[in-house]
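The values are calculated or read from the model by the stated rules, or taken from the named source; none is laboratory data. What you see is a predicted model, and the numbers here were worked out from it, not measured in a lab. Please note: Cβ atoms are built from the backbone with ideal geometry, for glycine as well, and neighbour counts cover all protein chains shown.
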Amino acid sequence: MPSTLFKNAALLDPLQPDLLEGHHVLVEDDVIKEVSDRPLQASADRTIDLNGKTLMPGLIDLHVHAVAVELNLSQQVHMPNVLVTLRSTLLLRGMLRRGFTTVRDAGGAGHALKQAIETGLT
């Protein structure tokens, strides 16, 4: 059961008006096990010091066009589907880096993009 301890984070709790400074979060098997404003005495597989950084829940975007890789969509219809899929993975990687952990494609993405994500291309 892999575990990660995040130390010294400014914690964003959407139910609180301000960041919660100096918090510690223990995650085991992708589940948050403990949150505390005092150091946790846990032996984690990995410890990450977030001093000066903010830890927050993942963002959700319910209107994404993952395969709109060209601003001029009439040009995109001439691109090979495999190139569109590969470029889509770069768009999705950018979304993840901006904090979006869940997105819903509002039309266009097919099974090939789902397979690309599941095989780790993003």
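Number of residues in region 1-59 that are of a type in the set (Ser, Thr, Tyr) and not in a strand (DSSP E or B): the value is 1. Quick one: in region 109-122, of everything that is in contact with a Ser or Thr (Cβ under 9 Å, 6 or more places away or on another chain) and of a type in the set (Gly, Ala, Ser), which residue is surrounded by the most Cβ atoms within 10 Å (Cβ to Cβ)? Of everything passing the filter in region 109-122, 109 is surrounded by the most Cβ atoms within 10 Å (Cβ to Cβ).
Taken as a whole, the structure places residue 29 among residues that are among the acidic types (Asp, Glu) and either exposed (fewer than 11 other Cβ atoms within 10 Å of the Cβ) or at pLDDT below 95 (or both).
Residues checked against (1) touching a helix residue (DSSP H, G or I) at 6+ places or on another chain (Cβ under 7 Å); (2) at negative phi; (3) modelled with pLDDT under 95; (4) surrounded by 15 or more Cβ atoms within 10 Å (Cβ to Cβ):
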residue	(1), (2), (3), (4)
15	no, yes, yes, no
57	no, yes, yes, no
77	no, yes, yes, no
83	no, yes, yes, no
87	no, yes, yes, yes
93	no, yes, yes, no
99	no, no, yes, no
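Please verify whether region 47-54 includes one or more residues that are among the acidic types (Asp, Glu), on the phi < 0 side of the Ramachandran plot and touching a strand residue (DSSP E or B) at 6+ places or on another chain (Cβ under 6 Å). Yes, some residue in region 47-54 is among the acidic types (Asp, Glu), on the phi < 0 side of the Ramachandran plot and touching a strand residue (DSSP E or B) at 6+ places or on another chain (Cβ under 6 Å).
Looking only at residues in region 24-79 that are in contact with a His (Cβ under 7 Å, 6 or more places away or on another chain) and of a type in the set (A, V, I, L, M, F, W, C), the one that is farthest from residue 110 (Cα to Cα) is 40.
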